[in-house]
Amino acid sequence: MRIAAVGDIVMGSLPDDLPPDDGASFFESVEGLLGGDVVLGNLEGTLATGGVSKCEYIEGPNCFAFHAPPSYGRRLKEAGFTVLNTANNHIDDFGAEGRSETFAALRAVNLPFTGRLGQITVQRVRGIRVALVGFAPDRGANDLTDIPAAQRLTARAARMADVVVVTMHAGAEGSDRTHVEPGTEYFLGEDRGDSYRFSRAVIDAGADLVVGSGPHVMRGMEFYKGRLIAYSLGNFSGYKVLGLGGTLSTSGVLQVTLGADGTYVSGRLRPTEIVPPGTPEPGGDAIDLVSTMSEDDFGSDAARIAADGTIRRP
C-alpha cells in the first residue's frame, strides 16, 4: 500500500490573496508526486465564505485567519488528495460557520477528512482498511496533549483497521524551529505538545506511521519499533499568506510503502519548494535538511536518508 503525505496547504485567502484561474493550475507542477493509495495533506485554513474571523476579537499582530473559496475542495481532489487533516489551529479561523462550510465543501467532492474530536476516518485500499486519525492541541480536535486519551483513540482505530496512520499538528513555529525540542514546546505562550513523547505513545498503542506538521518548517525523521515518524513536513503551499525563504520554503512529499499489516517496506522523500507567491514546485534542499536534522536529533534511531531521498531504517 502506497501512502503520500505533505504538510500545510494554504491555497490563498479571500478576498484578494487568491491564485489565478480559480486554482485550476495550483498543483500542476507537483501532481506527479501526489500519487498513492492514500494521499494526505494538512488543510491549514478553511474553505468558506461565511463566519466571523477570529482576528476580530484576538488583538495583536500575530493573528492570521485563512479562508479560501469552497470550490477549492474540487482542486484538492483533482490534485490527487484522498484525505485531509483538519486537526490544526486554523480550522476554526472563521468559527463554527467556517468549519461547517469547510466540511460541507469536502463532502461535496467526496474528499474525506480527519481530525475532529473522536473522529476515525477509514479508507479501504484493495481490501486493506486504513484508519487515519488527526491530533492537535486545539479546540475541537483530538487533543495531542492528552496522551492517555490519544492512546485510547489510536488503539480503537487499530481494532477497526489493518493499518493506522496518525497525523499531528504540533511544535513551536518559526524558521529556526527545525529541531525536535525535548519536552513540551510552546509558541506565543500556547502549549504545542510534546511531539516526541506523543509519537512514541501512539505507536505503542497501534499506529503504523506518524506524520507531522505545524512548525512551518521540515524536521527530522526517526524509526521507533520499526515504524516511521516524520516529525514535520513543513509548508507544502502558502499562497501570499505564509512567510517564504530558506527553511520556510523548503518542503517535500513523503512517499511510503507499507505492508498490509502496517510494516514499513520502503520510503522516499521527494523534495519540493514553495516559490513566490506561494505555489509548490519540485526541487530544493529538503533531503539535506531532513537528513541532517534526523541525525542530529535522533542518533541511532534516525532514519537514514540517501542523496536520492530513499529512506531506510537505521
**Item:** Residues of the stretch 54-70 classified as in a loop (DSSP other than H, G, I, E, B), at pLDDT below 95 and not aliphatic (A, V, I, L, M), total
**Value:** 7
**Request:** Give the number of residues within the stretch 1-17 that are surrounded by fewer than 18 Cβ atoms within 10 Å (Cβ to Cβ), touching a Pro at 6+ places or on another chain (Cβ under 9 Å) and part of a loop (DSSP other than H, G, I, E, B).
**Result:** 1
**Prompt:** Which pairs have Cβ atoms under 9 Å, sit 6 or more apart or on different chains, and link a residue in the stretch 212-240 that is closer than 20 Å to Arg192 by Cβ to one that is crowded, with 24+ Cβ neighbours inside 10 Å and of a type in the set (Phe, Trp, Tyr)?
**Reply:** Gly212/Tyr231; Ser213/Phe236; Pro215/Tyr231; Met218/Tyr231; Arg219/Tyr231; Gly220/Tyr231; Met221/Tyr231; Glu222/Tyr231
**Asked** Given the structure, is Thr178 in a loop (DSSP other than H, G, I, E, B) and out of contact with any Phe, Trp or Tyr (no Cβ under 8 Å at 6 or more places or on another chain)?
**Response** yes
**Item:** Selected residue (criterion: farthest from the chain's Cα centre (by Cα)) from residues of the stretch 181-193 that are in contact (Cβ under 8 Å) with a residue 40 or more places away in the chain and part of a loop (DSSP other than H, G, I, E, B)
**Value:** Leu188
**Message:** Can you say whether Ala87 is assigned to a loop (DSSP other than H, G, I, E, B), touching a residue at least 24 places away in the same chain (Cβ under 8 Å) and out of contact with any Cys (no Cβ under 9 Å at 6 or more places or on another chain), as far as the supplied structure shows?
**Reply:** yes
**Prompt:** Across the stretch 227-270, what is the total count of residues that are over 25 Å from Phe64 (Cβ atoms), assigned to a strand (DSSP E or B) and either of a type outside the set (D, E, K, R) or in contact with an Asp or Glu (Cβ under 9 Å, 6 or more places away or on another chain) (or both)?
**Reply:** 14
**Item:** Flag if Thr310 is within 19 Å of Gly80 (Cβ to Cβ), surrounded by fewer than 18 Cβ atoms within 10 Å (Cβ to Cβ), of a type in the set (S, T, N, Q) and touching a strand residue (DSSP E or B) at 6+ places or on another chain (Cβ under 6 Å)
**Value:** no
**Asked** Across the stretch 46-73, what is the number of residues that are surrounded by fewer than 18 Cβ atoms within 10 Å (Cβ to Cβ) and either under 19 Å from Ala4 (Cα atoms) or touching a helix residue (DSSP H, G or I) at 6+ places or on another chain (Cβ under 6 Å) (or both)?
**Response** 3
**Request:** Please go through the stretch 278-314 and pick out each residue that is in contact with a Ser or Thr (Cβ under 7 Å, 6 or more places away or on another chain), not small (Gly, Ala, Ser) and not in a loop (DSSP other than H, G, I, E, B).
**Result:** Thr279, Pro280, Glu281, Pro282, Leu289, Met293, Ile305
**Asked** Scanning for something modelled with pLDDT under 95 and outside any loop (DSSP other than H, G, I, E, B), does the stretch 24-31 turn up at least one residue?
**Response** yes
**Asked** Restricted to the stretch 5-25, and to residues that are within 19 Å of the chain's Cα centre (by Cα) and of a type in the set (A, V, I, L, M), which residue is nearest to Gly35 (Cα to Cα)?
**Response** Ala5
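The values are calculated or read from the model by the stated rules, or taken from the named source; none is laboratory data. Bear in mind the structure is a predicted one, so any value in this text is a computation, not a measurement. Positions of Cβ are generated from backbone atoms using ideal geometry, with glycine treated the same way; all protein chains shown enter the neighbour counts.
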